[in-house]
Amino acid sequence: MTTPATVDWDAIIKDPRFQSLHRRKTSFLWGLMAVSVVYFLMLPIGAAYFQDLFDVRVWGVVNVGLLFALSEFVVTLGIAILYSRKASSDFDVVAAEISADFAKRGATPSKE
Amino acid sequence: MTAQIKRWSAAGLFTVAALAARTAWAQAGADTDYRWLTFTVFAVIILITMYVTYVAAKRVRSASDFYTAGGGVSGFQNGWAIAGDYLSAASFLGIAGLIALYGYDGFMYSVGFLVAYITVLLLIAEPCRNIGRYTLADILAYRNDPKKTRIVGALSVIAVSTFYLTAQMVGGGVLVKTLIGINYETSVTCVGVLMLSYVLFGGMVATTWVQIIKAVLLVCASLVIVGLVWVQYGFSFPAFLQGIVDDPRVQARVASLLGDPAKNMSALELGQRFLEPGLYFKAPIDQISLGLALIFGTAGLPHILMRFFTVRTALQARRSVVWAMAIIGGFYLLTLFLGFGAAHSVGPANIAAVDAGGNMAAPLLAQYIGGGPNSLFGNFMLAFVSAVAFATIVAVVAGLVLASASAIAHDLYVGVVRAGKPVTPEGQVRAARIATLVVGAASIAIGIGAKGQNVAVLVGLAFAVAASANFPCVLLTLYWKRCNTGGIIAGMLVGTIAAVGLTLVSPNLTYPRAVKAAAHKVLDGEAAKRTASGEALASSDADVVTKAKKDLAALDKAVAKAHADIDKWGDATTSFMGLEEPLIKMKNPGIFSIPLGFLAVLIGSLLFRDRRAEELWNEVYVRQNIGLLVSKSTAH
């Protein structure tokens, strides 16, 4: 574990790059989270209260309910990949920049 | 412990496992000609995992090796290990069974289990990697009073793990008994001893590899079965489902589930109904409540959280969740084919006859696909799926025991009892091994003692406590500045009490009055049914006679069960909690207990201000956001 005293946490927090990173990350993460929870809850709610719609056949015997359940897999994995890409190409890069910057300024994180 | 002792003990444990397998061989119920095959497949899989443990044991030198495999697991490997930890026997055999018996509703479970990982991916995995070290309580103790939060955190971990572990042990014991014919106590002991040998000697290194091996075997076995099932329909999805709709056995199953309303439906309408919701779930609110417990509970399961400490960086933690989601999602898509395939090939009634919960759907389908009960390949497939199921139970139990042992040794012993008095690295590993032994022995005892307990109640409890206590505490200490010791203690207590309390007054428990009323109803209807079947027996139509014979056999069974129930409950009128009937209608308390848990953390934090927690917030805030280089430095 690093010793907290050796890193100037307050300075990092005051850094505008950190603030902008945190803002973008928060809205992206919680936005995706809200979409996932709402989309997921549509399945039990639909199955319980909109059964007529779920029973409509669209592809041979395949009905809306089955397609909707399958779409949950696609949407969930899609969100996972979307987040993963965004984090690797954007958030991680900025975070690495900030960390490297503060390490250079002498606020080196100590070794274990 | 010297290498020599380790080697000898490993050899000893292997002998125990081999003996257990021999007992299975000697006592197996069916397929006497193929016992050798079952024995060989089990032995091969156990041998492979034992070899891995033997190699791993050499690498376990420090507490970090024991708890987190020294942080040396890659994201891809960890993804498979998470899948191995998550695809418990209950989920893979249970869900395939639910789909085989109830159609569409069973598949809704699969969806919930996958979506659960979105919460883990977006909110939990990376900050945990950046802040924690070995256990869930590490995260809670980071900026709060270390002693107090470690105690409540460790207790909650032990509670959740015990519920989950007992469920796995009971379910596993029954399963092994059904699959290979050894008695319940022996199978629980086998699972326990084998699991202990992995964890005790190989720690997290061995546990991780056992989980990876098991997950790969499970996915491969399912792919082969699904391929063989689906190829008959030219890999067409609608054609496959058309086969289900047209199946008379599926139609008969729907008719028996629906009762009277089924009388006016055509055969095709009945078959189609199998693909529509509502055959299993009756109360909509229950479904939603269960969904919430699944998607928030998974993020609070200690053995899942612990897996994020085995990778080096937040990037690897993220990769491992995405891999895990791809594997788990792919697998749960296969359950649709396993379940429907079993319904079509084996028949829902035959599946329910072997095990009322449908747990045998996948193994029976494997046997059928391989060529049936009298073929070599069919029995090989059955043996293989059974062995994978056995490995599954052992691997999941290993993960749970490791989580509880780390809570006892790392949080309670090193963090609280010996607080301020550093424990040597050897001492830490010794404490971890002793705790493992104690937890392992306790799990065997609990497994045997809990024989016949309702597995669904226990799994529900584990998820409910994880979602209502662990999840709010972990989430708020990571994301809310004002969160502090008071909030954590209040949240853990209120969340746990609400989840356990509501479950104890829910319809999940057995209510003797209702059971006896149902039994009397069966007995009252007996005479009428016998007359009807008797008349049918005299019919000249061979089909009608066969059906009547089946009905009579089923009736005999139901009557015997009714008598047994009445004898069993005697004069009892109240449940274990002293209630005549459930206080709440819901089986899953999540929809109430999760908000209560969050509320308790909020109120507790605001009532008891804690300067230290707020001063340390900046550090937590920075670390959870840009843990990248900081965590790299901790890994040196």
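Does B:L336 count as open to solvent by 10 Å² or more (accessible area, probe 1.4 Å) and touching a residue at least 24 places away in the same chain (Cβ under 8 Å)? Considered against the rule, which asks whether it is open to solvent by 10 Å² or more (accessible area, probe 1.4 Å) and touching a residue at least 24 places away in the same chain (Cβ under 8 Å), B:L336 comes out as no. Pairs linking a residue in the range B:339-360 that is in contact (Cβ under 8 Å) with a residue 60 or more places away in the chain and closer than 16 Å to B:K557 by Cβ to a residue that is of a type in the set (A, V, I, L, M, F, W, C) and not in a helix (DSSP H, G or I), with Cβ atoms under 7 Å and 6 or more positions apart or on different chains, are B:I351/B:M360; B:V354/B:M360.
Criterion first (small (G, A, S), more than 23 Å from B:K282 (Cα to Cα) and more than 9 Å from every other protein chain (Cβ to nearest Cβ)) does A:G60 satisfy it? No: the conditions fail for A:G60. Got at least one residue in the range A:76-94 being more than 10 Å from chain B (Cβ to nearest Cβ), under 30 Å from B:E615 (Cβ atoms), open to solvent by less than 30 Å² (accessible area, probe 1.4 Å) and of a type outside the set (K, R)? No, the range A:76-94 has no match at all. Inspection of the range B:191-203 identifies no residue that is within 14 Å of another protein chain (Cβ to nearest Cβ) and aliphatic (A, V, I, L, M).
Of everything in the range B:502-522, what is in contact (Cβ under 8 Å) with a residue 40 or more places away in the chain and in a helix (DSSP H, G or I)? Give them in sequence order.
Hits for the range B:502-522 are B:L502, B:T503, B:L504, B:P512, B:R513, B:A514, B:V515, B:K516, B:A518, B:A519, B:H520, B:V522.
The number of residues in the range B:306-329 that are out of contact with any Cys (no Cβ under 6 Å at 6 or more places or on another chain) and more than 9 Å from every other protein chain (Cβ to nearest Cβ) comes to 14. Among the residues of the range B:245-296, those that are free of Cβ contacts under 8 Å to residues at least 40 places away in the same chain, at the interface with another protein chain (Cβ under 10 Å from one of its Cβ atoms) and open to solvent by less than 30 Å² (accessible area, probe 1.4 Å) comprise B:V245, B:G271, B:Q272. Does the range B:85-109 hold any residues that are open to solvent by less than 10 Å² (accessible area, probe 1.4 Å) and over 11 Å from the mean Cα position of the chain (by Cα), and which are they? Once the filter is applied, which keeps residues that are open to solvent by less than 10 Å² (accessible area, probe 1.4 Å) and over 11 Å from the mean Cα position of the chain (by Cα), the range B:85-109 yields B:A96, B:G97, B:I99, B:A100, B:L101, B:G103, B:Y104, B:D105, B:G106, B:F107.
Note on the range B:600-613: among residues that are surrounded by fewer than 16 Cβ atoms within 10 Å (Cβ to Cβ) and touching a residue at least 12 places away in the same chain (Cβ under 8 Å), the one that is farthest from B:Y280 (Cα to Cα) is B:R612. Checked against the criterion of being more than 9 Å from every other protein chain (Cβ to nearest Cβ), more than 18 Å from B:G103 (Cα to Cα), under 23 Å from the mean Cα position of the chain (by Cα) and surrounded by 12 or more Cβ atoms within 10 Å (Cβ to Cβ), the range A:40-56 contains one or more residues that satisfy it.
Among the residues of the range B:453-482, those identified as of a type outside the set (A, V, I, L, M) and open to solvent by less than 40 Å² (accessible area, probe 1.4 Å) are B:G460, B:F463, B:S468, B:N470, B:F471, B:P472, B:C473, B:T477.
Here is a yes/no grid of residues against (1) open to solvent by less than 20 Å² (accessible area, probe 1.4 Å); (2) among the basic types (K, R); (3) closer than 28 Å to B:V494 by Cα:
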site: B:I139; (1), (2), (3): yes, no, yes
site: B:T149; (1), (2), (3): yes, no, yes
site: B:V160; (1), (2), (3): yes, no, yes
site: B:L165; (1), (2), (3): yes, no, yes
site: B:G173; (1), (2), (3): yes, no, no
site: B:N183; (1), (2), (3): no, no, no
site: B:V193; (1), (2), (3): no, no, no
site: B:L196; (1), (2), (3): no, no, no
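State yes or no: is B:F384 aromatic (F, W, Y) and over 21 Å from B:Y332 (Cα atoms)? In short, no.
Among the residues of the range B:561-578, count how many are surrounded by fewer than 18 Cβ atoms within 10 Å (Cβ to Cβ) and in a helix (DSSP H, G or I). Of the residues in the range B:561-578, 8 are surrounded by fewer than 18 Cβ atoms within 10 Å (Cβ to Cβ) and in a helix (DSSP H, G or I).
For the range B:579-636, residues that are more than 8 Å from chain A (Cβ to nearest Cβ), assigned to a helix (DSSP H, G or I) and at pLDDT 75 or above total 27.
Condition check for B:G72 on (1) open to solvent by 10 Å² or more (accessible area, probe 1.4 Å); (2) within 13 Å of chain A (Cβ to nearest Cβ); (3) within 24 Å of B:I626 (Cβ to Cβ): one failure, at (2).
The helices (runs of 4 or more DSSP H) located wholly in the range B:83-150 that include 2 or more residues which are within 14 Å of chain A (Cβ to nearest Cβ) and closer than 30 Å to A:N63 by Cα occupy B:89-102, B:104-119. Here B:A553 does not fit the description of being hydrophobic (A, V, I, L, M, F, W, C), open to solvent by less than 40 Å² (accessible area, probe 1.4 Å) and in a helix (DSSP H, G or I).
The values are calculated or read from the model by the stated rules, or taken from the named source; none is laboratory data. Computed from a predicted structure; not experimentally measured. Here Cβ is always computed from backbone atoms with ideal geometry, including for glycine, and neighbour counts include all displayed protein chains. Quick note on the areas: whole protein, heavy atoms, side chains included, nothing else; ligands and nucleic acids left out. Shrake-Rupley method; radii C 1.70, N 1.55, O 1.52, S 1.80 Å.
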